[in-house]
1. State the percentage of accessible surface on the chain attributable to carbon and sulfur atoms; use a 1.4 Å probe and exclude ligands, DNA and RNA.
2. Give me the dipole magnitude in Debye, nearest 20, for the chain about the Cα centre, with unit charges on the beta carbon: positive for Lys and Arg, negative for Asp and Glu.
3. Just to confirm a number: summing +1 for Lys and Arg and -1 for Asp and Glu over residues other than Leu30 whose beta-carbon lies under 15 angstrom from that of Leu30, what do you get?
4. Go ahead and estimate [θ] at 222 nm for the chain from helices alone: -39,500 (n - 2.57) per DSSP H run with n ≥ 4, summed, over the residue count, rounded to 500.
5. Which length gain, in nm to one decimal place, applies between Arg49 and Lys61 when the Cα-Cα distance is subtracted from 0.36 nm times their residue separation?
6. I need the calculated FRET efficiency for the pair Glu40 and Asp4, taking r as the beta carbon distance and R₀ as 30 Å, to the nearest 0.05.
7. Would you mind checking the tilt of helix 5-24 against the longest principal axis of the Cα atoms of the chain, expressed as 0 to 90 degrees and rounded to 10?
8. Using only Cα atoms, tell me the angle between helix 32-70 and the longest principal axis of the chain; keep it within 0 to 90° and round to the nearest 10.
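The values are calculated or read from the model by the stated rules, or taken from the named source; none is laboratory data. What you see is a predicted model, and the numbers here were worked out from it, not measured in a lab. Methodologically, a virtual Cβ is constructed for each residue, glycine included, from the backbone with ideal geometry; neighbour enumeration extends over all protein chains shown. Just the protein is used for accessible areas: all its heavy atoms, side chains included, with ligands, DNA and RNA removed. Shrake-Rupley method; radii C 1.70, N 1.55, O 1.52, S 1.80 Å.
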Amino acid sequence: MTDDPTAHTAPARRAFLDRFDREVDPEGRLTSEERSRRAEHARKAYFQRLALASSRARAAKAAARRGGEAA
């Protein structure tokens, strides 16, 4: 129980976002600006892949539903 749910989940959110920093610069050789830029692109790509998978799943479910009604 906490008064500020955002503060409560901040460590998990930070760990999730740090994952992209480590993904784009595992050896820590990039400048912080370049690492941030690449991490932002990696985050966007990650969420775009999720959106695509979600869209395909919804389409498949709708097609199955339509196919089940026709039978």
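1. Of all accessible area on the chain, carbon and sulfur atoms account for 55 percent.
2. It works out to roughly 540 debye.
3. -3
4. -30000 deg cm²/dmol
5. Result for the pair: 2.5 nm of gain on full extension.
6. Taking R0 as 30 Å, the efficiency between Glu40 and Asp4 is 0.70.
7. Helix 5-24 sits roughly 80 degrees off the main axis of the chain.
8. So the inclination is approximately 10 degrees.
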